[in-house]
Structure formats: structure tokens, C-alpha cells
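K.L.:
Handing you this structure, nothing more for now.
The values are calculated or read from the model by the stated rules, or taken from the named source; none is laboratory data. Here the structure is a predicted model, which is why all the values come from computation and not from measurement. Cβ sites come from the backbone with ideal geometry, for glycine too, and all protein chains shown count toward neighbours. Heavy atoms of the whole protein, side chains included, go into the accessibility calculation; ligands, DNA and RNA do not. Shrake-Rupley method; radii C 1.70, N 1.55, O 1.52, S 1.80 Å.
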Amino acid sequence: MKIVRHRLHLHDNDPCEYRKSPCHGGKMTPRLLVIHFTAGASAESSINWFLNPQAKASAHLVIDRNGHITQMVPFDTVAWHAGASRWNDLSGLNHHSIGIELDNAGRLQPHGDQWRSWFGRDYHDDEVLVARHKHETEPSGWQLYTREQIETTLEVAQCLFARYGLEDIVGHEDIAPGRKSDPGPAFPMGALRARLLGRQEDSLPVMRTTTGLNIRSGPGVRHPLLPSGPLPQGVKLEVIDQDGDWRRVSVLEAVNGLSDLEGWVHGRYLEPVEA
Ligand SMILES: [Zn+2]
């Protein structure tokens, strides 16, 4: 995937399906990606709604349950998906974010031995997650997302983060808490955020060994030493994970002729390298 003139292009370089919504504002520079569920009966019904000028609602992309993408607003243009909303120092997130709508029925109520959406369709247990929304006290049913939707969302998000230098991915529920519950507990936000931001969030200052230091395959002395032998004093490395006192490190220089070394060292023998 790539982005050309604020329009998404797919693998074969073809522009993604584009159906221009009349519901949009002026130009903007996106900083955030906002995920929604449509709470609708089909992607087509949501797309038709966003094509209706009366709707006063839209999103940059709609992703159906097969992972098919429809773009409705260019990425440098305000779409009307967030409403009254707040994130850190920003408010009115339509002016600062790209919105993706995922075709999903949303919250479901128990109905006999099945689950029923607000528009009256029934769902079997195997399509439903029963979970408590993070802003609520009682569990509800939530239609599951498809694997294709999640994979497509991740791929698009990676493309958008790279092109626009986005700062975070959030749910509508995170920027309009109390008012919105999408994308809800069925959406794997933690996993996506880790894939998109993990490295950035974890990136700690460059460290240096203060002594010759054993490097091991795991966090603790019971784990075997790496064949590289100990790290010499003064070797620079990046901390990429931690477990108690132990630090998983990526060594930034060759040790005994071995480069790209990764392993675990005791954190007591590391000091930050002055900037
Ligand atoms: Zn929403």
C-alpha cells in the first residue's frame, strides 16, 4: 500500500475504491488515527449514509468484513467522524485526525440463546465477544471483528503512520468517553498500538556497560551465556525490554566480530550515555 496525493493505493498500485463524501471540512494535518465501529447492518449502508449530505457524518475509510476498503475523504481533508472530542492538548479531533470506520454491529443484547443488534439482526455466540467495556461496570455482547478487518486496519495504519508521522492510534471511546463506546472491547487496540508504537514508546536512551558484562539468552543467571562472550566495558547498547533487574539489549557495535547482538544483561552495570 502507499498514499498518493492523500489517496490510498493498494498493492497493485491501483487507487483504492473512492466514493467521495459531501460531508467534509477544509484542509488539515493529521496527528492521530481514530478507530470506529459503524454499528450498522453493512458497510454499504454506512457508505450510503456518508454519501448523504443530510448525514453530516463521514470517515476517511470504511473497511468491510472482507477487508475491502472504500475511501470517502482524502487524508489531508477534515472528515466528520469524531464529534465533540478531546485528546491531550487537542479538542475537536476532526481537525487533527484520520477516521477509519469498521463494519461491525457494535453492542448486542441477549435475545433467547442468541444476541441481537439494535437494528434487529441476530448473532450466534461464535460471532460475539462477551466483555465489559473499559468505561462500564457490566458486561455486554460485542460483534467480533474479522481477521481480514484487523489485518487490513494494521496495514493501512502502518502506511498512514509512515506517511503522516501520526502520534497515536485511539478509539472513538478514548476521545469521547461516556459518549461513545466504539470500537469497543472486541477491537485489539493494545496489540495494534504495540505494533505501531511499541518500538517508539520503548525506545530508551542509549546506555553503556560500566564493566565487562555477561550477556545471556534470558533474564537471569540460569540462562546460558551467549557465544559472543562477555561485553567489554564501554559498549553502547539500546534497552528494548526489561524483566525485573534484567534488561534485554540490542548491542550497537560489534563484539568479538559479532554484530546485531541481542540478549539479556543485568541492569546494574549500565549507565546512560550523555547526549
Ligand atoms: Zn465512532
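K.L.:
Across the chain, how many lysine pairs separated by 8 or more positions, or lying on different chains, have Cα atoms within less than 25 Å? Mind dumping the intermediate values first?
P.N.:
Details: K2/K20; K2/K27; K20/K56; K27/K56; K56/K180; K134/K180.
Close lysine pairs under the 25 Å cut-off: 6.
K.L.:
Further question on the same structure: Hey, what did the chain get for relative contact order, percent, Cα under 8 Å, at least 6 apart?
P.N.:
Values: 605 pairs, mean separation 40.8, N = 275.
In percent, rounded to a whole number, it is 15.
K.L.:
So, one more: What share of the DSSP beta bridges in the chain is antiparallel, in percent to the nearest 5? Before the final figure, lay out each step's value.
P.N.:
Values: 43 of 59 bridges.
Taking every DSSP beta bridge with both residues in the chain, the antiparallel ones total about 75 percent.
K.L.:
Sorting check: for 254-265, 153-164, 116-127, which peptide has the highest mean count of neighbouring beta carbons within 10 Å, and how do the rest follow?
P.N.:
The packing order, highest mean first, is 153-164, 254-265, 116-127.
K.L.:
Right, here's the next one. Quick check: net charge around H68, other residues with Cβ under 10 Å of its Cβ, Lys/Arg +1 and Asp/Glu -1?
P.N.:
-3
K.L.:
Using every alpha carbon pair in region 209-267, what percent of pairs falls into each 5 Å bin from 0 up to the bin containing the largest distance?
P.N.:
Reading the bins upward from 0: 4, 22, 35, 28, 10, 1.
K.L.:
Now a separate question. So if R0 is 35 Å, what FRET efficiency would D14 and F119 give, r being the distance between their Cβ atoms, rounded to the nearest 0.05? Please report the intermediate quantities before stating the final value.
P.N.:
Numbers: r = 33 Å, r/R0 = 0.94.
Plugging the Cβ-Cβ distance into 1/(1 + (r/R0)^6) gives 0.60.
K.L.:
Please quote Rg/Rh for region 1-145 to two decimal places, taking the Kirkwood radius as Rh and restricting both calculations to Cα atoms.
P.N.:
1.01
K.L.:
Using helices alone, what [θ] at 222 nm do you get for the chain, with -39,500 (n - 2.57) per DSSP H run of 4 or more residues, divided over all residues and rounded to the nearest 500? It would help to have the intermediate numbers written out before the result.
P.N.:
Numbers: 4 runs with 44 residues, N = 275.
Helix-only estimate at 222 nm: -5000 deg cm²/dmol.
K.L.:
Separate question: Given a Förster radius of 25 Å and the C-beta distance between H223 and E271 as r, what FRET efficiency does 1/(1 + (r/R0)^6) yield to the nearest 0.05?
P.N.:
Details: r = 23 Å, r/R0 = 0.92.
Plugging the Cβ-Cβ distance into 1/(1 + (r/R0)^6) gives 0.60.
K.L.:
Using a 1.4 Å probe over the heavy atoms of the protein chains, calculate the carbon and sulfur portion of the accessible area of region 58-151 as a whole percent. Walk me through the numbers on the way to the answer.
P.N.:
Details: 2120 of 4360 Å².
The computed percentage sits at 49.
K.L.:
Wrap a convex hull around the Cα atoms of the chain, take a quarter of its surface area, and give that in square nanometres. Don't skip to the end; give the middle numbers.
P.N.:
Values: hull surface 77.2 nm².
Its Cα hull, projected and averaged over all orientations, spans 19.3 nm².
K.L.:
Can you give the extra length, in nm with one decimal, that the chain gains between L197 and H135 once fully stretched, where that is 0.36 nm per residue apart less the Cα-Cα distance? Kindly include the intermediate steps, with their values, before the conclusion.
P.N.:
Details: separation 62, 0.36 × 62 = 22.32 nm, distance 2.34 nm.
Answer, rounded to one decimal: 20.0 nm.
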